[in-house]
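To start, the structure under review is shown below, and the notes come after it.
Quick note: the coordinates plus some simple rules give every number you see, no bench work behind them. Values in this document were obtained by computation on a predicted structure and should not be read as measured data. Here the Cβ positions follow ideal geometry from the backbone for every residue, glycine too, while neighbour counts run over all protein chains shown.
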Amino acid sequence: MRILPLLTLLAVPAFAGAELGKPAPDFTLKDVDGKDVSLASFKGKTVVLEWFNPECPYVKAAHTKGSLTDSAKRQQKKGIVWLSINSGAAGKQGAGVEKSKAGAKGFNMENPVLVDEAGTVGKAYGATNTPHLFVIDPKGNVAYRGAIDNSPDGEGLSPQGGKLINYVDAALDDVAANRAVKTPDTKAYGCSVKYAN
């Protein structure tokens with residue numbers, strides 16, 4: 001029996017998450033108004049999942065100055081489904097229905113905001129940060145996972161490489177054109193998702 005070094009064991013994530021090119025994990029969650037929303041009900045449509053915490057400074061920056069300011073509204077006009085998910089556990093920063101509802105109102109969000117206090121859906125996707133985004137293609141497969149853009153300040157003012165790239169917009173353009181997503185996987189930045197454990 002081969003014994004793995006301790007460092008290798010520590011580096012293994014607690015949850016694997018959604019795999020690129022594979023079916024997105026299905027789920028049903030309640031939105032902030034108590035209505036059930038299930039991923040399966042959007043079969044045949046392109047869906048964006050945005051991990052959300054209204055009290056995270058990066059989320060605030062992205063929704064007031066950065067790439068998330070109008071992303072959902074713009075994409076919804078094109079027929080894209082945009083769902084924001086708060087996987088914060090009860091009592092944690094930004095968690096719960098009331099804080100999610102207040103955040104959505106404050107950021108002028110018109111898309112559904114879903115509450116995942118148990119963290120089940122967040123862990124199924126491997127969501128590590130707020131914001132962390134996933135694009136699901138019309139076949140139901142994960143086409144993109146990672147950051148909203150290449151500006152880890154959340155404000156869009158410090159893009160790596162000098163030019164701001166909205167990875168989600170680019171991925172959605174690729175999906176709409178029925179071509180492979182050029183940049184399917186990036187490292188999400190922001191606050192950690194406030195799971196119970």
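So which GluC sites (Glu not before Pro) in the range 100-156 end up in coil per DSSP with only 12 or fewer other C-beta atoms within 10 Å?
Filter output for the range 100-156: E110.
Counting only lysines at least 8 places from K99 when in the same chain, those with an alpha carbon closer than 18 Å to its own are K30, K35, K60, K194.
Compared with the alpha-carbon gap, the fully stretched path from A180 to A118 is longer by 19.0 nm at 0.36 nm per residue.
Annotation for E98 and D36: the two label points, set 7 Å from Cα along the Cα-Cβ direction, are 2.7 nm apart. When Rg and the Kirkwood Rh are both derived from Cα coordinates, the Rg/Rh ratio for the range 110-197 amounts to 0.99.
Volume per residue of the convex hull around the Cα atoms, evaluated for the range 25-192, comes out as 99 Å³.
Each label was represented as a point 7 Å from its Cα along the Cα-to-Cβ direction; for K77 and N108 these points are 1.2 nm apart. Rounded to the nearest 0.05, what FRET efficiency do S158 and L20 have when you use their Cβ-Cβ distance and R0 = 22 Å? Approximately 0.25, to the nearest 0.05. Beta bridges from DSSP with both residues in the chain: antiparallel share about 65 percent, rounded to the nearest 5. In summary, the range 45-132 shows an alpha-carbon radius of gyration equal to 1.00 times the 2.2 N^0.38 Å reference for compact globular proteins.
Summary of packing: across the peptides 182-188, 49-55, the per-residue average of other C-beta atoms within 10 Å ranks them, highest first, as 49-55, 182-188.
Under 18 Å of direct C-alpha separation, and excluding same-chain neighbours fewer than eight residues apart, K45 reaches these lysines: K22, K73, K77, K78, K139.
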